[in-house]
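Taking it in order: structure first as structure tokens, then the write-up.
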Amino acid sequence: MTNRPFLVYADAEGRIFEWPVLEMLGASGGEYERIGPREWIPLPPGSELFLLPQRLPVGYNPKTRQGEVLAHDPYTPSKPVQAVAAFMAPAYTQIYSAAYQSLPGAPLLPLFAYTAVGWKDGRFVAAGVRVDPDERQDFRHFDPEEIRRRTRARIKKEQHNRLVRHLGKCALSYGCPAARNLFMNRWEAPLPTSPACNAGCLGCISLQEGKEICATQERISFVPSPDEIAGVAIPHLREAPKAVVSFGQGCEGEPLLQAEVIGEALRTMRQASSRGTINLNSNGSLPEAVKKLCEAGLDSIRVSLNSCRPGYYTAYFRPRGYTFEALKKSLQAVKAHGGFASINYFILPGFTDHEEEWDALSRFLEETRVDLIQMRNLNIDPEWYLKSLKVPKERKAMGILEWMKRLKDRFPGLRLGYFNPCLDGSD
């Protein structure tokens, strides 16, 4: 009897079962991998399970020592099955993607991350690791009724502020943890500002122009005024514990395109309070705009990228009017002003942890001297991503845990995490 997690699958009615004949497997760049003892954890609270349509689960048979496709329901052989994946809660990074075999004509998966999931000792387990101890988005902190009450009360009180109303929809309709924390007056709060973008990201969650896949949330349709932005941010900076306010959210385009509006809001915010951290989540495309925002009071920046190899970066982000070099200059600009710089690094096992990716990332870190890598799971169909970027099947990747170890060894001052930190220690 194996001491490793069992395979799980969904039956024709969508019910999930374990199959103890096969072990859980993970996927790394399209290759199947046996899950090691340190590579799985109990499924974190707040995680979700997804059924993967027209995809067959793949497990490891310890008797034959080979991967094996589960083509039919083992309890009812005449019925079909579906693979299952986990969408892990915030602060956790996947070590392996779900292992499955796609059937011909399988539809594209929606824009979520698909982590390998199994069953062990009476509970679900996932191939992941907690990368940030911060509890700001932990499931236990979110009481739905209290969030609804506080959100509706603030919307009613500040009906004139379009940004408050927009964020109310984010909190109540989409369940955005950052928007919920705004209305709970704690930790990190979002400040979406820009309906436009100068990139056409393959996995953009707020705008998809094609018909292949749908955006998972609605993009902001207006540019809030500096007063509307300050009206949301100032009370948060003054009162919230570990206060952070962040421009650049999943429900908007690129905030640097609204640098003048943001700059005016920044000056108003800092005149009202020196407390807390003002952060910008960005694609880093406009270094000169970043410099001006630093002069206006910006404390930190987080630049998103999927790869430090310009070809793969361009294939995913599809930039309009800027190059990969702009990202470096934006990060360097913040560091030159004494600010905090991090990268929002999209993690996909088997791609992120290849030697060539590691080498390119190392060079990027040496040039920019960023303070933190935020390890965010790449929300996209893994097969579609690898195909769209034309990633060749290369030699075996080093593994996400080994990749993390190498980073810590080579860059001892570099932090690995998930969230934008509060820099002034406000409590």
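Derivation of every value follows stated rules applied to the coordinates shown; laboratory data play no part. Since the model is a prediction, treat every value here as computed from it, not as a measurement. For neighbour counting, all protein chains shown are included, and Cβ atoms are generated from backbone atoms with ideal geometry for every residue, glycine included.
Structural remarks
- Between K157 and S362, the modelled labels are 5.3 nm apart [label points 7 Å from Cα along Cα→Cβ].
- Here K120 is the anchor, and the aspartates and glutamates within straight C-alpha reach of less than 12 Å, apart from those fewer than 8 places off in the same chain, are E18, E23.
- Here the relative contact order of the chain, from alpha carbon pairs under 8 Å that lie six or more residues apart, stands at 15 percent.
- Gain upon complete extension [Y174, S78; 0.36 nm per residue less C-alpha separation]: 30.7 nm
- Hydrodynamic estimate: the Kirkwood radius of the stretch 151-303 over Cα pairs, inserted into Stokes-Einstein at 25 °C and 0.890 mPa s, corresponds to D of 159 µm²/s.
- Gyration tensor verdict on the stretch 13-81 (Cα atoms; rounded if a/c is under 1.5, prolate if a/b is larger than b/c, oblate otherwise): oblate
- Shape call, the stretch 310-363: gyration tensor on alpha carbons, a/c limit 1.5: oblate
- Net charge of Cβ neighbours under 11 Å - reference I347; Lys, Arg +1; Asp, Glu -1: -1
- Sorted largest first, extent of the stretch 6-130 alpha carbons per principal axis (Å): 40, 34, 28
- On Cα atoms only, tilt of 259-272 relative to the major axis of the chain in degrees: 70
- The stretch 16-158: relative contact order as a whole-number percent, Cα under 8 Å and 6+ apart: 28
- Extension gain (nm, one decimal) between L103 and K396, 0.36 nm per residue minus Cα-Cα: 103.0 nm
- For the cross-link pairs K63/K396; K169/K390; K211/K291; K328/K393; K329/K408, the ones whose C-alpha atoms lie over 26 Å apart are K169/K390; K211/K291; K328/K393.
- Degrees between helix 287-296 axis and first principal axis of the chain (Cα, 0 to 90, nearest 10): 50
- Spatial offset of the stretch 89-160 relative to the stretch 274-352 amounts to 25 Å, using the alpha carbon center of each.
- Against the main long axis of the alpha-carbon atoms of the chain, helix 325-336 sits at an angle near 60°.
- Extension gain for the segment R318 to A12, taken as residue separation times 0.36 nm less the Cα-Cα distance, is 106.3 nm to one decimal.
- Ordered by the count of other Cβ atoms within 10 Å of each Cβ, fewest first, I35, I213, I95, I41 give I41, I213, I35, I95.
- Inter-part distance where the stretch 5-37 and the stretch 361-419 are each reduced to a Cα centre, Å: 25
- Placing a label point 7 Å from the Cα of R275 along the Cα-to-Cβ direction, the residues of the stretch 147-168 whose backbone N falls under 20 Å of that point are 154.
- Enclosing the Cα atoms of the stretch 96-167 in their convex hull gives a volume equal to 192 cubic angstrom per residue.
- Over the chain, dividing the summed -39,500 (n - 2.57) contributions of all DSSP H runs of at least 4 residues by the number of residues returns a 222 nm mean residue ellipticity of -8500 deg cm²/dmol.
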